[in-house]
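The values are calculated or read from the model by the stated rules, or taken from the named source; none is laboratory data. None of these values were measured; they are calculated from a predicted model. Here the Cβ positions follow ideal geometry from the backbone for every residue, glycine too, while neighbour counts run over all protein chains shown. For accessibility, only protein heavy atoms count, side chains too; no ligands or nucleic acids. Shrake-Rupley method; radii C 1.70, N 1.55, O 1.52, S 1.80 Å.
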Amino acid sequence: MLLDKTSQFFKTEWKRILLLFSISLIWNILTFLFIYTLDPDLTNNAYDRFGGVWITIFRSCIEFTITYYILIFLAWLPALQDNHWGRFFLIAALLFAAKTGYSLLYEYAKTVYEVRGGQEKVVKFMTANKMIVFLATLTFTFLFNLAITFIVAVFMHFSRREKLQKELEKQKMDAELSAIKYQINPHFLFNSLSFIYSKTVPLSEEVSNAVLLLSDIMRYALGKEEDAEGKVALTKEITHMKNVIGINQMRFNNKLSIQYSEELSNPAARIAPLILITLVENAFKHGDLLDPANPLVIRTEADNDRIRFYIGNKKKQGPKELSTSIGLNNVRQRLQLTYQGKHNFTINETEHFYTAELIIQLSKND
């Protein structure tokens with residue numbers, strides 16, 4: 001299991017690791033050449049104490065790669081993207097402790113402070129206060145690394161946001177072009193559904209109700225109820241989520257096992273539309289909802305501080321429907337743009353069960 005995870009890690013991260021290692025290698029070689037031109041004997045003595053030039057450079061490259069990978073990709077970027085500052089400080093503290101412990105064990109005894117050019121007082125002071133100078137150097141170096149990795153992470157963060165924004169704009173443009181290409185006049189469509197509804201009322205109450213639900217769902221999906229910020233009342237999202245549930249129950253003669261509950265102490269809360277509905281549609285597409293012992297569970301909660309949505313279902317067995325994950329990816333992207341740093345979207349998937357939990361922190365405008 002550990003070997004598989006390690007193999008998967010290097011398969012996905014090898015480009016980042018190789019880039020960091022290459023940068024470190026070039027930097028260390030240039031550093032060696034620079035100080036060698038200043039004092040060859042002093043440079044050779046210093047590198048020889050740590051195993052020679054190439055061993056010292058290689059070990060420094062490994063340390064640089066690990067340090068910068070952890071600080072950039074495990075500490076800074078998650079903190080900038082999701083406000084995980086507690087995790088950032090924990091990782092930074094543990095990394096500093098590990099680097100300090102390693103340096104004290106393997107480098108402290110080999111470190112000798114020496115200069116050329118009549119700086120005996122400086123050498124004497126550094127030698128007399130070797131531990132203090134050594135720890136101060138480690139601390140300064142780590143703070144310098146923190147500053148450099150912060151600049152890199154900020155650049156990557158905003159580059160990623162800009163790329164994501166462009167992707168969403170392209171998707172929106174593609175959707176608009178598709179809508180124009182295949183456009184059916186909405187008034188014609190709703191008038192047609194109204195006509196069908198009026199004709200089916202005397203024949204079948206169930207069919208007429210299905211037409212009515214479909215009309216409401218399509219009107220909502222066209223975005224007629226969004227405000228200037230592109231959000232809708234949570235109660236509207238819930239109403240149309242129930243419409244989706246209702247029309248699917250009709251498809252299966254009300255045999256689907258569904259447990260729905262809600263607790264809305266803040267019914268005025270607003271949310272980006274179709275997010276909850278997409279998660280429900282995903283459950284209908286991939287879930288086994290005919291098992292009374294394992295029903296589809298949907299819970300919606302809202303108070304003044306947050307919206308919490310939970311959905312869990314048993315997965316279908318046997319041949320799987322082809323999934324492009326477009327719906328879930330779209331949900332993630334919209335959440336990132338609309339609620340950056342103010343949401344937590346968690347999916348847990350096993351062989352037989354699938355659960356998703358979304359928590360949105362509300363602002364004053366929501």
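Keeping to segment 132-149, report how many residues are of a type in the set (A, V, I, L, M, F, W, C) and open to solvent by less than 80 Å² (accessible area, probe 1.4 Å). Number satisfying all stated conditions: 9. Could you tell me whether any residue of segment 59-68 is basic (Lys, Arg), assigned to a helix (DSSP H, G or I) and free of Cβ contacts under 8 Å to residues at least 40 places away in the same chain? Yes, there is a match, as at least one residue in segment 59-68 is basic (Lys, Arg), assigned to a helix (DSSP H, G or I) and free of Cβ contacts under 8 Å to residues at least 40 places away in the same chain. Note on segment 262-366: enclosed strands (runs of 3 or more DSSP E) holding 2 or more residues that are among the charged types (D, E, K, R), modelled with pLDDT of 90 or more and open to solvent by 30 Å² or more (accessible area, probe 1.4 Å) are 296-302, 306-314. When segment 129-156 is filtered for residues that are among the small types (Gly, Ala, Ser) and touching a residue at least 12 places away in the same chain (Cβ under 8 Å), only 153 remains.
Of the residues in segment 19-28, not one is within 17 Å of residue 111 (Cα to Cα), touching a residue at least 12 places away in the same chain (Cβ under 8 Å) and surrounded by 10 or more Cβ atoms within 10 Å (Cβ to Cβ). For segment 31-52, the tally of residues that are at pLDDT 90 or above and within 30 Å of residue 93 (Cα to Cα) stands at 2. Screening 253, 248 for residues that are in contact (Cβ under 8 Å) with a residue 24 or more places away in the chain and among the polar types (S, T, N, Q) leaves exactly one candidate, 248.
Here is a check on your reading of the model: is residue 166 assigned to a helix (DSSP H, G or I), modelled with pLDDT of 75 or more, within 26 Å of residue 338 (Cα to Cα) and open to solvent by 50 Å² or more (accessible area, probe 1.4 Å)? Yes, satisfied.
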